[in-house]
1. Kindly list, by first and then second residue, each pair from a residue in region 346-371 that is more than 12 Å from residue 409 (Cα to Cα) to a residue that is part of a helix (DSSP H, G or I) and modelled with pLDDT under 85, limited to pairs with Cβ atoms under 7 Å and residues at least 6 apart or on different chains.
2. In this structure, does residue 301 turn out to be modelled with pLDDT of 95 or more and over 30 Å from residue 482 (Cα atoms)?
3. Return the pairs, sorted by first residue and then second, in which the second residue is surrounded by fewer than 18 Cβ atoms within 10 Å (Cβ to Cβ), the first residue lies in region 71-97 and is free of Cβ contacts under 8 Å to residues at least 40 places away in the same chain, the beta carbons are less than 9 Å apart, and the residues are 6+ apart or on different chains.
4. In contact with a strand residue (DSSP E or B) (Cβ under 6 Å, 6 or more places away or on another chain) and modelled with pLDDT under 95, is that true of residue 145?
5. Take region 372-386 and flag every residue that is within 19 Å of residue 84 (Cα to Cα) and either outside any loop (DSSP other than H, G, I, E, B) or at pLDDT below 95 (or both).
6. Given region 1-113, what strands (runs of 3 or more DSSP E) lie entirely inside it while holding 2 or more residues that are over 30 Å from residue 318 (Cβ atoms) and at pLDDT below 95?
């Protein structure tokens, strides 16, 4: 099979539909492209909003900014300027936010938040923290109760209020919820929260977990019965020496037992490695190989470069900063599977697909329109011999996406069952090259697999067991921001949100960084604990 990929280039004259305002009338400035450029950032010391310049230096993209009080700061936001520019090319315009923002007259981001009238995206994935307690004491965690000195554990009614705020979003009700913490599985509301989310109509119910309780098969089965679909499993490497340093104890055997029980219970896993340069970046490829070997239960990997939530000196920042382009190059160097420049796209590139689904269904569905530098990813199609092929090897992804975007503008507004318009979908066949596809993947099976990715009735359960879809592995990186690389344009477009017990919804990088609404909200809805803990507070843990 040839390994040639199709060079992803936009057609000449292709026009992107870019809205001028949010639903509530706030102006939307399109994402600025190219380098150098000016954006708004924060001072790492005082959090004051200050101007920052993004420019190319020695093939990297760096952010430079000066606070009048605290001086000059510099950080690398992308280690490869060429890949940085590619990500900007594969966006298809902003969204228009929500029709019912909690802050309808916002004037400053990220200060006026909850969501606000300036925000351009609705919720793609919502986090609901059930507790800040944990059954680990990770040195790298910022959320543990022992570190913070207070207990945050919303009661059942507050959990219901958070879930309802997500379901009340308009024009698109939140439908994907992830219970997080702390370690959500030890919360007193764990099973109640799962059942509530199921009853309230969430189509995807997930949790971010260290996996310890899933090492008990009965617990895994009861969680599945209550409504859980997917576990975002903290997974920093494939050897115990990594866990001894990041989590304080040997955990690999526990992880393997949890994976086996999740498999038996019929749920799915997304591995979530937190990657620190010079620490565990050498395990990026081995984590990917592990996922491919367990493709029957692992459907995705979300690599998360470390975010520095505390103060850090410049030398240590330079040594440990890991960017999205570092990740793309490491995958290629360590596995040979994905080309850094041809196989990776920003998450925002999937917008044409969701637009077309909305047009065919006659109703708004979730559109993922984050900033192009928040993430990058690809899909691997894995055959029966566990050989992984990037989708770009057999699909002209660029032309496919552009045709889909154009088709979404023309598609019928009548409510129809997705994928029944054979003539419409057959128009995309010219972008599919069966001679380059993995063994057993026909165009019809490819379309069924796309259907399974959007409709879990076909992507899991009996339909999956009967072979309706082809095995796929989403491999993605998501870089959450800290004060050193903070870009307010990214916050405005965030699609990963937190629901809070005060009834508001916050972008991830405003909740955990910047204004850090997490601290204010948790303290308001918490009870005090005696001072204790051994956490350094410097790193986000990405999944405990």
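The values are calculated or read from the model by the stated rules, or taken from the named source; none is laboratory data. Just so we're clear, the structure is a prediction, and the values are computed from it rather than from any experiment. No Cβ is skipped: glycine too gets one built from the backbone with ideal geometry, and neighbour counts run over all protein chains shown.
1. From residues that are more than 12 Å from residue 409 (Cα to Cα), the pairs are 364/358; 365/357; 365/358.
2. Against the criterion (modelled with pLDDT of 95 or more and over 30 Å from residue 482 (Cα atoms)), residue 301 does not qualify.
3. From residues that are free of Cβ contacts under 8 Å to residues at least 40 places away in the same chain, the pairs are 71/45; 72/64; 72/66.
4. Values: in contact with a strand residue (DSSP E or B) (Cβ under 6 Å, 6 or more places away or on another chain): yes; modelled with pLDDT under 95: yes.
Yes.
5. Hits for region 372-386 are 375, 376, 377, 378.
6. Numbers: elements: 37-42, 49-57, 60-67, 71-78.
In region 1-113, there are no strands (runs of 3 or more DSSP E) which contain 2 or more residues that are over 30 Å from residue 318 (Cβ atoms) and at pLDDT below 95.
So that you can scan it fast, the table gives a plain yes or no per residue for (1) in contact with a helix residue (DSSP H, G or I) (Cβ under 9 Å, 6 or more places away or on another chain); (2) surrounded by fewer than 23 Cβ atoms within 10 Å (Cβ to Cβ):
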| residue | (1), (2) |
| --- | --- |
| 120 | yes, no |
| 170 | no, yes |
| 173 | yes, yes |
| 194 | yes, no |
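Rundown of residues vs (1) buried (at least 19 other Cβ atoms within 10 Å of the Cβ); (2) in a helix (DSSP H, G or I); (3) in contact with a helix residue (DSSP H, G or I) (Cβ under 7 Å, 6 or more places away or on another chain); (4) free of Cβ contacts under 8 Å to residues at least 60 places away in the same chain, yes/no style:
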{"site": "284", "(1), (2), (3), (4)": "yes, yes, yes, yes"}
{"site": "291", "(1), (2), (3), (4)": "yes, yes, no, no"}
{"site": "310", "(1), (2), (3), (4)": "no, no, no, no"}
{"site": "315", "(1), (2), (3), (4)": "no, yes, no, yes"}
{"site": "325", "(1), (2), (3), (4)": "yes, yes, yes, no"}
{"site": "328", "(1), (2), (3), (4)": "yes, yes, yes, no"}
{"site": "331", "(1), (2), (3), (4)": "yes, yes, yes, no"}
{"site": "334", "(1), (2), (3), (4)": "no, yes, yes, yes"}
